[in-house]
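Just below is one structure, and these are the notes that go with it.
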């Protein structure tokens, strides 16, 4: 099963790197976003309890999250293209498990998101951000988990759709608010009470915790922090739930209507 | 090798559309090593049947066995026995020919030396040797079809299902594709079921099945199907086909089948066609654009079976004077 999943994931990644415009655009756009927003907000960024943190630094994990979120989910759009172009049917008639198909597509999309973030991560030393090896592993693990969760969500939505434009429209309606209300763009401390509830319920804000926390604490400290463990559990549940739901969708086949007469 | 029993498929209705019966109580067997063609007009249910046979859809009722495996209970075992060539391309056009074939090998668990053997074997049937590194979207339609065929052959399937595989090909590419398919089938003794609406393709088939409105109307060898129409038929192109049809029936008591501007007098045996032609020509010359005698082809059988109000061929009686 893993061989099939790996083959499908490799295909996704090969398609991605063979489109140089896509590679450049997917990295350049968030970087420009980060630089321009950072330049604009750094002067006025004075949140309580974050003295000494520039907006560029604060926003850095937020941009990582944005890259993971958008790249992983929009890479799932290939499901719609595969169906349109016929490739999907040759996969569906192959004697492979449905889980392998889901994992292949999800891992492929997640690897695209991860590769973009890793390119972006090369900017971290220039911000004075550093972390021990254990922190790097924790960050990588958090990114992998979040990207799998996002890609599985993308898969779940894309599977039932016939139009890429429809997919874009649906995902933008949900993704932008989820990302903006995650704490990626601005600190949510000190906001109205409802905002705190929304952020706590938003799985994307928990994924952000997995990305931001390793910059400021080591693995031993994080694994002793309840809020980090809660975020880890929420993200794991989210990723597992989306994968399970995707499996269920793929298992379902077109079924003729029952004959009553 | 392929057994279809009492298959019925109803597309569920929606708020805008009522439920639609696509296949109705269809039973069909394709024996081991047989080359069968499934034909029918657009909307006859061929594609729905194909989707069911591939395991992509579950019918409302009925059973299908593929190489002895119940397709609906053990789909994976059934899929292992079959190769599929779809009507639309089912390869990744962004990948090269070889990358597509290797990906297909991965899907079927073919690795190492076994993969190399299978690739050589499948490519041996095609003209793709010099184009292995080319992206699929740079290939001609004929070569792209060969990629599909090679892909299906990689797994050495006992059963090959093809859905109108020659659609969109020029005559030479079509001939080449079918030539390769026929040779492979004969050499390997594969069971082949191919949907097509080009009856020239059915002449070499072992058996031909014709569907219309989800019902199997005929299923026999090409020669047996042609024999349904007799050995000769008179074909008349008329100025006003409907009017001439009425007069032929009224004046000469002939069984006539109308197809567009054309009238067909079928089930004419050897030697009977010419006197009939002379009689019609003498009497209705001003109403006739052209008239000819021909031996029935499978195209004629298709037209006969799928058009007109008379359902059973043998009930058509020639009662001319």
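Could you work out the helix-only [θ] at 222 nm for chain A, with each DSSP H run of four or more residues adding -39,500 (n - 2.57) and the total divided by the number of residues, to the nearest 500 deg cm²/dmol?
Numbers: 12 runs with 190 residues, N = 261.
That comes out to -24000 deg cm²/dmol.
So for chain A, averaging the separation of alpha carbon pairs under 8 Å that are six or more residues apart and normalising by length, what relative contact order in percent results?
Numbers: 315 pairs, mean separation 65.5, N = 261.
Relative contact order, chain A: 25 percent.
Please label the shape of the protein assembly as shown as rounded, prolate or oblate, based on the square roots a ≥ b ≥ c of the eigenvalues of the alpha-carbon gyration tensor (a/c under 1.5 means rounded; beyond that, a/b larger than b/c means prolate, else oblate). Because a/c hits 1.5 or more and a/b exceeds b/c, the protein assembly as shown counts as prolate.
From the square roots a ≥ b ≥ c of the eigenvalues of the alpha-carbon gyration tensor of segment A:179-252, which class results: rounded (a/c under 1.5), prolate (a/b over b/c), or oblate?
Because a/c hits 1.5 or more and a/b fails to exceed b/c, segment A:179-252 counts as oblate.
In chain B, the DSSP-assigned H stretches of four residues or longer account for a calculated mean residue ellipticity at 222 nm of -10000 deg cm²/dmol, using -39500 (n - 2.57) per stretch and the full residue count as denominator.
Taking a ≥ b ≥ c as the square roots of the eigenvalues of the Cα gyration tensor, segment B:193-293 is prolate, since a/c reaches 1.5 or more and a/b is larger than b/c. Considering only B:229, B:71, B:139, the Gaussian network model of chain B with Cα springs below 10 Å gives its largest mean-square fluctuation to B:139.
Every read-out reported here was derived from the displayed coordinates using simple, explicitly stated rules and does not represent laboratory data. Small disclaimer: the values here were computed from a predicted structure and weren't measured.
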